[in-house]
Amino acid sequence: MLDPEQEPIFTVDGPNNKVYERVNWTPQASGISIPDEVAEKLEIDWAKFLNRHDPVRNITYADEIDEEKTFLEGASKTVKINIYERNAEARSICIKKYGARCSICGFDFGKQFGEIGQGFIHVHHITPLSMICKGYILNPIDDLRPVCPNCHAMLHQKRPEPYTVEELKTILMQMIDKAN
Ligand SMILES: [Zn+2]
Ligand SMILES: [Zn+2]
């Protein structure tokens, strides 16, 4: 939500927005569907737009894990999870709370890569699918955890329910113990 009196309004006009012309944004109908390519650009532009007011870097759409994506294409309730993990505002609240650092291995992109890594992190949705029902409202602090892309991929090695953060931490610790 934006406050139009204080904040600039997001617009689909502009020289880089040719793709938006494919959609009639002011239809005389209650709902329209947007082609995937347009929705994708809209999502990215919206996140960029929000970023202007937000120090937490949200553009981490390289964060799509291929297998996860394939898996998520099936049922509508799992698609929602993907949306939460990519939702700019939810991500921002989660990262402000926990820091842009992996909850499992502690990896911090800012520390390792300096400026280009500052604020980069994936966000993982920890609430089990089985607990998500109609009317479920995401709580970014209880339901999301920042994780590095490697640990994120490992969480989703278990399907349909991913490993819990604690389970994966235990696996990682056991491997570290073994190595020593
Ligand atoms: Zn990690
Ligand atoms: Zn995830």
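The values are calculated or read from the model by the stated rules, or taken from the named source; none is laboratory data. What you see is a predicted model; the values in this text were computed from it and never measured. Counting neighbours? That spans all protein chains shown, and the Cβs are built from the backbone with ideal geometry, glycine included. Keep in mind that these areas ignore ligands, DNA and RNA; they rest on the heavy atoms of the full protein, side chains included. Shrake-Rupley method; radii C 1.70, N 1.55, O 1.52, S 1.80 Å.
Among residues of the stretch 105-125 that are hydrophobic (A, V, I, L, M, F, W, C), those with a Cβ under 9 angstrom from a residue that is away from ligand 1 (no atom under 16 Å from the Cβ) and not in a loop (DSSP other than H, G, I, E, B), sequence gap 6+ or separate chain, pair up as Phe109/Ile116; Ile121/Arg91; Val123/Tyr84; Val123/Arg86; Val123/Ala90; Val123/Arg91; Val123/Pro140. Farther than 17 Å from Glu85 by Cα and out of contact with any helix residue (DSSP H, G or I) (no Cβ under 6 Å at 6 or more places or on another chain) - does that describe any residue in the stretch 134-148? So far as the stretch 134-148 goes, yes, one or more of its residues are farther than 17 Å from Glu85 by Cα and out of contact with any helix residue (DSSP H, G or I) (no Cβ under 6 Å at 6 or more places or on another chain).
Only residues that are without any contact (Cβ under 8 Å) to a residue 60 or more places away in the chain and open to solvent by less than 30 Å² (accessible area, probe 1.4 Å) were counted in the stretch 92-104, giving 6. Return yes or no: is Glu166 surrounded by fewer than 16 Cβ atoms within 10 Å (Cβ to Cβ) and either under 16 Å from the mean Cα position of the chain (by Cα) or not in a loop (DSSP other than H, G, I, E, B) (or both)? Against the criterion (surrounded by fewer than 16 Cβ atoms within 10 Å (Cβ to Cβ) and either under 16 Å from the mean Cα position of the chain (by Cα) or not in a loop (DSSP other than H, G, I, E, B) (or both)), Glu166 qualifies.
From the residues in the stretch 130-180 that are farther than 25 Å from Ile93 by Cβ and of a type in the set (A, V, I, L, M, F, W, C), which one is farthest from ligand 1 (Cβ to nearest atom)?
Within the stretch 130-180, the match that is farthest from ligand 1 (Cβ to nearest atom) is Ala179.
Considering the stretch 9-28 alone, what residues qualify as being open to solvent by less than 60 Å² (accessible area, probe 1.4 Å) and not in a helix (DSSP H, G or I)? The answer is Phe10, Val12, Gly14, Asn17, Val23, Pro27.
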